[in-house]
Amino acid sequence: MDNTNFIEISESAFKNNVDYINKRLNPGTIFSHVVKGNAYGHGIEEYVPMAARNGAQHFSVFDAHEAFRVRKVAANVDVMIMGMITESQLEWAIENEVSFYIFDEIRLAKAIEWAKKIGKKALIHLEIETGMNRSGLEELSWDPICKLLRNEKEQLEILGFCTHYGGAENISSHGRVLDQMKKFETAKIIYQAAGIVPKSYHSACSAAFLRFPQSQQDLVRIGILQYGFWPSAETYLAVEHSLSQKPDPLRRLLSWKSTVMNVKKVKKGEYIGYGNSYMAAYDMQTAAVPVGYSHGFSRSLSNSGRALIHGERVAVIGLVNMNVMMLDITHIESVQAGDEVVLIGNQGELSISVSSFSEYSDQMNYELLTRLPLDIPRIIRS
Ligand SMILES: *Cc1c(COP(=O)(O)O)cnc(C)c1O
């Protein structure tokens, strides 16, 4: 059934961003498409097949459940779990040739056990602690880990040797990132000397890929950039020198749309919606839109959010309700039920950006995108 609240994904914007990334990618380096957080809100079930038919071969996810969703819609791509996998999910991963990070001895021992039982090698990536201090093999464990890897090499295929940087998108963390790179190089040499030769080395996310091209190595794990967003304003300024007013080379894939549910005239002095947060200061015309905080349109946008109707920018008035919000359309003639409303994206000459949804903050794109509810339909447009 049609839904009156939906997210459009632009395939041509995806191709544009992939071209931009490929131009900066070293020859031979694999581009892993990071699709954790429901493909940053774009929808794994829609995004992954679209990316795959445009040549994407490698996908990274946070946990086994996301890997399962990727496998279901794309059988012949590489899938890598960077975070959570339980013991009972290890069996599925090994069976289905999904690779996963190893950041402690227990998981490694369990993976070896399951690989033996199943009769298939576990595909693993050794995550090295270099200073992020979230997960990663600490130096004290390297010796016993290397022994285990050597003794059980029949059960294992060491696809990767990797780490993650704590803040490559901020200049203030650059010293820390450089330290992490040094530590990673040291670890590499120690493991090689212990006879461990992984198939690939990888560490770069979007920001590291742009700011530290030497971090590309054999594979880059790119999330936010492929969706058309910069990791931070700083990254954009540093890479594209946007003060020269060149157009942004990236394009956003995602638009969020709905339709007008109802149009109403309200007399001067009347309150609109719940409570008394908004009083009509003149004779007004309003449009109700069937999107509220239950759909991810934050209540904090009450009396402050914006939307587009008939190519014009209009204001959210009153409180955002659970399923409905109201817009001031006094100055727009002939709005009717069924007309398109844009909550994020373009209409005519105007656009509403993801970051305008809240006071601008560097992490806002990541958070807002991934909080878009799972059950809003995602529709791919060429
Ligand atoms: C999320 C994540 C990435 C991708 O980060 P972006 O900034 O979106 O490119 C890469 N590596 C790891 C380990 C991650 O968790």
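Give the residue that is nearest to the ligand (Cβ to nearest atom), with candidates limited to residues of region 150-188 that are closer than 14 Å to Leu137 by Cα and either aliphatic (A, V, I, L, M) or touching a Pro at 6+ places or on another chain (Cβ under 7 Å) (or both).
Residues of region 150-188 closer than 14 Å to Leu137 by Cα: 160-164, 180, 183-184, 186-188.
Cutting the leftovers down to either aliphatic (A, V, I, L, M) or touching a Pro at 6+ places or on another chain (Cβ under 7 Å) (or both) gives us 160-161, 187.
Details: Gly160: 11, Phe161: 14, Ala187: 16 Å.
My answer is Gly160.
Look at region 71-84 and say how many of its residues are open to solvent by less than 50 Å² (accessible area, probe 1.4 Å) and within 15 Å of the ligand (Cβ to nearest atom). Let's see the steps before the verdict.
So the first thing to find is which residues in region 71-84 are open to solvent by less than 50 Å² (accessible area, probe 1.4 Å), and the list is 71, 74, 77, 79-83.
Checking which are within 15 Å of the ligand (Cβ to nearest atom) leaves us with 79-83.
Result for region 71-84: 5.
Could you check how many residues of region 129-157 are under 28 Å from Ala208 (Cβ atoms) and either touching a His at 6+ places or on another chain (Cβ under 7 Å) or not hydrophobic (A, V, I, L, M, F, W, C) (or both)?
Filtering region 129-157 for residues under 28 Å from Ala208 (Cβ atoms) gives 129-142, 145-146, 149, 156-157.
With the extra rule that they be either touching a His at 6+ places or on another chain (Cβ under 7 Å) or not hydrophobic (A, V, I, L, M, F, W, C) (or both), the set shrinks to 129-136, 138-139, 141, 157.
Of the residues in that region, 12 qualify.
Would you mind stating whether Ser304 is in a loop (DSSP other than H, G, I, E, B), of a type in the set (Gly, Ala, Ser) and open to solvent by 10 Å² or more (accessible area, probe 1.4 Å)? Reasoning before the result, please.
Details: in a loop (DSSP other than H, G, I, E, B): yes; of a type in the set (Gly, Ala, Ser): yes; open to solvent by 10 Å² or more (accessible area, probe 1.4 Å): yes.
Taking the combined requirement at face value, the residue satisfies it.
Determine whether region 310-323 contains at least one residue that is within 30 Å of Asn54 (Cβ to Cβ), part of a loop (DSSP other than H, G, I, E, B) and open to solvent by 40 Å² or more (accessible area, probe 1.4 Å). I'd like the intermediate steps shown before the answer.
First, pick out the residues of region 310-323 that are within 30 Å of Asn54 (Cβ to Cβ): none.
No: region 310-323 contains no residue that is within 30 Å of Asn54 (Cβ to Cβ), part of a loop (DSSP other than H, G, I, E, B) and open to solvent by 40 Å² or more (accessible area, probe 1.4 Å).
Select the strands (runs of 3 or more DSSP E) contained entirely in region 1-61, then report the ones holding at least 3 residues which are within 16 Å of the ligand (Cβ to nearest atom) and open to solvent by less than 20 Å² (accessible area, probe 1.4 Å). Steps first, please.
Details: elements: 5-10, 30-34, 58-61.
Qualifying strands (runs of 3 or more DSSP E): 30-34, 58-61.
Can you tell which of Leu243, Leu237, Leu254, Leu250 is modelled with pLDDT under 90 and under 26 Å from the mean Cα position of the chain (by Cα)?
Residue meeting the stated conditions: Leu237.
Quick check: anything in region 250-272 within 13 Å of the ligand (Cβ to nearest atom), over 28 Å from Ile379 (Cβ atoms) and open to solvent by less than 30 Å² (accessible area, probe 1.4 Å)?
Pass one, region 250-272, residues within 13 Å of the ligand (Cβ to nearest atom): 250.
The next check asks that each one be over 28 Å from Ile379 (Cβ atoms); those that pass are none.
Scanning region 250-272, I find no residue that is within 13 Å of the ligand (Cβ to nearest atom), over 28 Å from Ile379 (Cβ atoms) and open to solvent by less than 30 Å² (accessible area, probe 1.4 Å), so the answer is no.
Quick one: in region 157-206, of everything that is of a type in the set (A, V, I, L, M) and in a helix (DSSP H, G or I), which residue is farthest from His125 (Cα to Cα)?
Within region 157-206, the first condition is being of a type in the set (A, V, I, L, M), and the residues that meet it are 158-159, 168, 171, 177-178, 181, 187, 189-190, 193-194, 196-197, 204.
Going one step further and asking which of them are in a helix (DSSP H, G or I), we end up with 171, 177-178, 181, 187, 189-190, 193.
Numbers: Ile171: 29, Val177: 21, Leu178: 22, Met181: 17, Ala187: 14, Ile189: 16, Ile190: 16, Ala193: 18 Å.
Filtering first and then ranking leaves Ile171.
Tally up the residues in region 189-218 that are buried (at least 16 other Cβ atoms within 10 Å of the Cβ) and away from the ligand (no atom under 16 Å from the Cβ), please. Before the answer, list the steps.
We begin by selecting, within region 189-218, every residue buried (at least 16 other Cβ atoms within 10 Å of the Cβ); these are 191, 196, 198, 201-212, 215-218.
Applying the additional criterion that residues be away from the ligand (no atom under 16 Å from the Cβ) yields 191, 196, 198.
Residues flagged as buried (at least 16 other Cβ atoms within 10 Å of the Cβ) and away from the ligand (no atom under 16 Å from the Cβ) within region 189-218 amount to 3.
The values are calculated or read from the model by the stated rules, or taken from the named source; none is laboratory data. Just so you know, these numbers come straight off a predicted model, no measurement behind them. Please note: Cβ atoms are built from the backbone with ideal geometry, for glycine as well, and neighbour counts cover all protein chains shown. SASA here: full protein model, heavy atoms, side chains in, ligands and nucleic acids out. Shrake-Rupley method; radii C 1.70, N 1.55, O 1.52, S 1.80 Å.
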